[in-house]
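The values are calculated or read from the model by the stated rules, or taken from the named source; none is laboratory data. On a predicted model such as this, the values are computed, not experimentally measured, just so you know. Heads up, the Cβs are rebuilt from the backbone with ideal geometry, glycines too, and the neighbour counts pull from every protein chain shown. Side chains are part of the model used for accessible areas, which takes the heavy atoms of the whole protein and leaves out ligands, DNA and RNA. Shrake-Rupley method; radii C 1.70, N 1.55, O 1.52, S 1.80 Å.
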Amino acid sequence: MKYLITGVQGVVGKNLYQQLSINNKLNVYGTGRHQSELNNYFELDLTNRVSVLNLFQKENFDCIIHCAADLSNEQPFKMYNNNITS
C-alpha cells in the first residue's frame, strides 16, 4: 500500500508518518511546504493545483491522509482555502 500524508512537518503528520513507516509493507510518502530530510518527501504547496495534479499523475497513492493545516485566524478565507479546498 502506498500512503501519502500531507503536512508531515506538523505534529500530527510527523507522528503518523513515523508510525506508518515502521510497517515494512507500507510505502509512506509525505508533503510539506518546506524542505525536509524525510524519505519519500515532496515539497509541495497544496493550494497549487498544477503541482498537486502533477504529483498525482506521477504517483499512484492508495490512500491520502490530509494532516496539513493553517492555524491562523487572521485571514479566514485563506485559512479555509488552505485547510479545506486544498
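Among the residues of the range 68-81, those that are in a loop (DSSP other than H, G, I, E, B) and over 25 Å from residue 18 (Cα atoms) comprise 72, 73, 74, 75. Taking the range 53-78 as the range and being under 13 Å from the mean Cα position of the chain (by Cα) and closer than 18 Å to residue 13 by Cα as the test, the residues that pass are 61, 63, 64, 65, 66, 67, 68, 69, 70. Scanning the range 15-67 for residues that are under 23 Å from residue 81 (Cα atoms), open to solvent by 100 Å² or more (accessible area, probe 1.4 Å), touching a strand residue (DSSP E or B) at 6+ places or on another chain (Cβ under 9 Å) and outside any strand (DSSP E or B) turns up 33, 34, 35.
How many residues does the range 3-14 hold that are in a helix (DSSP H, G or I) and of a type in the set (A, V, I, L, M, F, W, C)? Here the count works out to 2.
The number of residues in the range 68-82 being free of Cβ contacts under 8 Å to residues at least 40 places away in the same chain and surrounded by 15 or more Cβ atoms within 10 Å (Cβ to Cβ) comes to 3. The set of residues from the range 56-86 being of a type in the set (D, E, K, R) and either modelled with pLDDT under 75 or touching a Lys or Arg at 6+ places or on another chain (Cβ under 6 Å) (or both) comprises 62, 74.
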